Amino acid sequence: MIKTEGLILKEQSVGENDKLVTVLTRSNGIIRCFARRAKKLISNVSSACQVMTFSRLEITERRDKYIITSAEVIKSFFEIFSDMNSLALGYYLCELSIRMIPENMPSEDHLQLLLNCLYAASEKIKPPDMIKAVFEIRIMLLDGVMPDILFCSECGAYDSENDTMHYDPIANKLFCPKCCYQKGNIRQCITVSMGCITAARYCISAHPKKILSFQLSEHSMLDFGKFAERFILARNDFYCPTLDFYKSVKNL
Ligand SMILES: [Zn+2]
């Protein structure tokens, strides 16, 4: 018997009454568990096994299968369901977690990151685009990859006179305007404001509890969102349908 806490990342129907849920647990990382009778309203596990719910779980292992025998809600991020942008973000963060976190590996830091970001989204503490970008950068850090944005990779410049730098997402390198033009790299780079670079530098060094404690202008937010998404997509070849959903909701 495993007694743990876990965040439900995904739920799928199995037969008439059962569910198969993908859970990011505190003790075992990501595992897939059967929840019997979870679709029946009278079931004690029903509400605690809904997606984006953080629950106290008792899980038994039978013939290589995990089965949830008891579940109780600790925190339900129900406010997220009242706003399409936040909801689409929540689904994307859960899908990204499933794709990036290996199964059956303790992943306490990932759990904390996801809980912090879902809380911020449900309480509308920061705009969805900012939470998305911070999550993308931080989950990559947990994967051992850091965006190389401290200095121009050629001359070591820390900032630029015209308030812009250039980032090559494929090479993961930062260039000041002069070096970018000299190297002929402009086509594969995205142009980002110093506000974006400052935010990204903050994001990679911030304490886990302070990852969202910064401000961004609207212009820098656009750059920061583009930067984080290009950074994560350049290093992973998976496709996330929920990212398309997030973008389609944003453009409504
Ligand atoms: Zn330079």
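Bear in mind these aren't lab numbers, they're just calculated from the coordinates by the rules spelled out. No experiment lies behind these values; they were computed from the predicted model shown. Don't worry about glycine lacking a Cβ; one is built from the backbone with ideal geometry, like all the others, and counts go over all protein chains shown.
Side notes on the structure shown:
- The chain - Rg and Dmax from Cα coordinates, angstrom: 20.2, 68
- In units of the compact-protein estimate 2.2 N^0.38 Å, the range 165-235 shows a Cα radius of gyration of 1.13.
- Size of electric dipole in the range 2-76: Cβ of Lys, Arg +1 and of Asp, Glu -1, about Cα centre, debye, nearest 20: 60 debye
- The fewest-to-most ranking of Ser248, Ser107, Ser47 by surrounding Cβ atoms within 10 Å reads Ser248, Ser47, Ser107.
- Unit charges at the beta carbon, dipole of the chain: most positive-side option, Cys33, Thr53, Asn251: Cys33
- Near His219: Cβ cut-off under 13 Å, other residues only, Lys/Arg at +1 and Asp/Glu at -1. The net charge is -3.
- Per-residue ellipticity at 222 nm from helix content only, as computed over the chain with -39500 (n - 2.57) for each DSSP H run of at least four residues, stands at -12000 deg cm²/dmol.
- Over 28 Å between alpha carbons, listed pairs Lys19/Lys75; Lys10/Lys247; Lys3/Lys126: Lys3/Lys126
- Cα-derived Rg to Rh of the range 118-252, Kirkwood definition: 0.96
- When the charge dipole of the chain is built from unit charges on Cβ atoms (+1 for Lys and Arg, -1 for Asp and Glu) and taken about the Cα centre, the candidate among Met146, Val23, Ser82 whose Cα reaches farthest toward its positive end is Val23.
- A DSSP coil position with no more than 12 other Cβ atoms inside 10 Å describes the following GluC sites (Glu not before Pro) in the range 95-182: Glu123, Glu161.
- Cysteines not pairable in the chain (beta carbon separation under 4.7 Å absent): Cys33, Cys49, Cys94, Cys117, Cys155, Cys179, Cys180, Cys189, Cys196, Cys203, Cys240
- Relative contact order [Cα under 8 Å, 6+ residues apart], the chain, whole percent: 15 percent
- Building the convex hull from the alpha-carbon atoms of the range 2-76 and averaging its projection over directions returns 4.2 nm².
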